[in-house]
Amino acid sequence: MATATHAGGDLTGERRIGTGILLAYALPNISISVVYFPLNLYITPFYSEVLGLNLAVVGLALFVTRWTDVITDPLIGTLSDKTKSRIGRRKTWILAGIPLMLFAFWMLMVPPEGVNITVWYLLAFIFLVYLSNTMIDLVYNAWGAELSRDYHERSRVTGFREAFGTFGSVLALSIPLVMASVFGISGLQNMTFALAIATVILLPLLSIPMFLFVPQPEPDRVERTRASVWQDVKSIWRNGPFRRLLIVSLCLLCGLAMTAALSVLFVSHRVGRPDLFPLFVFMYYLSNLVAIPFWVAVGNRIGKHKTLLLVIVSLSFWSAWLPFVPTEWTWVFLALMMLKGACSTGPTLFLLTSMMADVIDVDTLRSGEQRAGLFFSIWGMVKKGAGAFGALIATAGVTLFGFDPRCASTPERLEALQAKAQEGADIAVCQNDPMSLFMLACFYSIFPALIMVAAMPLLRRYPLNEERQQRMRARISKRSSPSVQSADT
């Protein structure tokens, strides 16, 4: 079998990919995470507390815009698989998505003065952000899945990427932390402005090494009958491990989205320390980053699906205690959030993405094509749908139980509201009751954990392990024409 090598890495998976290539590939995920961070954490409180939209309406808007991905994700995924370009099929779409992302993200995070901010404004620009995200992140993930054909090397690729992504989240958190502690600048409006500036600088800058140095391998192909997009989708749906992985992803990412949507509100109202939110989330993501190499090593030893089971059990265990910690035990909250962080977004995403690359091999063996773009488009719809559905459950749930982010949850905050009202400010003086705060904590921790635990039976019987994946790769290599085993750089 002919092999494809490039600058220190073997793209068939017989040798490790060069660290330089992995670094160049992973760098853009720093800036992508800087974009994700405020989308996951700040949009809900920013558009409700600062800009005055109803909390449940904001959650509904985020949910509705995600349904547009039913059209855009498969379309862009299929087109990126079929694109023929002198610079490469994956690079073309990412280059087109970057300017759209910069414009839409800026308008979402820094609304122009004098513009009436309505739910339609939010819908328009969140849609454009999601569209540009599809053009960038979906294709970026598909590109990564094609860099290696080895079971464990794929975990190394996704581990690098998610470690850099988690570093991007830490960076996004450190910006408001430095603003508050060094310059005395706080407030959601200032944070979103600073993160918009960071995105405009980092996204194009950190993408340059990837465009210059990361190869784009030609996909595996054997002779097959041409099919329509709909036939392709039906064929993909018959992939049993893929269907199972979609359901697992739906549960896990829905739970993580619930936690993310309520993070600011949980620290501000349940812990009662809005001033410490940057520190709390900084430590959360720092522990996430530090833990990724550990989970990569565990996955190499016992397999990806078993490692993901351990991640779920660990995350659920540490989450279960949060609603019962007394408000004054601030540092206990911090310790539990750090332990949660060590088994949260980073480990979950790198394991799921690596497993996704494996299920694509099942399709390649059956269909004769490597349709990574279409696979990641369907998975992307599930990821985004799970994120939107999780945010909707969280925001609607706490609203149903009487929680209002504009009301006071501590005596100090109540006194501040009363003082402003006495000075003539047009604000309502209200207070969240203990039950609403308890339910806020439950929707932040226990309920997401229960949703994630629902995925465990599917993982226990997950059929695609290292041995089966290696057998598939051997059969694919045997059937593939040597002419398509070279790398297109």
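Any read-out appearing in this document is the output of simple, stated calculations on the displayed coordinates, not a laboratory observation. Here the structure is a predicted model, which is why all the values come from computation and not from measurement. Cβ: placed from backbone, ideal geometry, glycine included. Neighbour counts: every protein chain shown.
Structure notes:
- Least to most buried among 384, 91, 340, 306 (fewest other Cβ within 10 Å first): 306, 91, 340, 384
- Computed from Cα positions, the angle between helix 345-367 and the longest principal axis of the chain comes to roughly 30 degrees.
- Karplus 3J(HN,Hα) series, Hz, for the stretch 29-42 with 6.51 cos²θ - 1.76 cosθ + 1.60 (x for Gly, Pro): 5, 4, 6, 4, 6, 4, 6, 4, 4, x, 4, 7, 10, 9
- The chain - Cys residues lacking any other Cys C-beta under 4.7 Å: 251, 254, 343, 442
- Charge dipole magnitude, Cβ of K and R +1, D and E -1 - the chain, Cα centre, debye nearest 20: 2000 debye
- Ranking of 367, 249 by count of other Cβ atoms within 10 Å, fewest first: 367, 249
- Modelled spin labels at residue 460 and residue 211, positioned 7 Å past Cα toward Cβ, are 5.0 nm from each other.
- Order of 81, 404 under a 10 Å beta carbon neighbour criterion, fewest first: 404, 81
- Taking amide H atoms as placed 1.01 Å from N in the peptide plane, the amide H of residue 216 lies under 5 Å from those of 488, 489, each 5 or more residues away in sequence or on another chain.
- Alpha-carbon Rg with Dmax, taken over the stretch 245-297, Å: 13.8, 39
- Estimated FRET transfer efficiency (residue 193, residue 96; beta-carbon r; R0 22 Å; 0.05): 0.25
- Extreme residue, positive dipole direction of the chain, given options 98, 173, 151 (C-beta unit charges): 151
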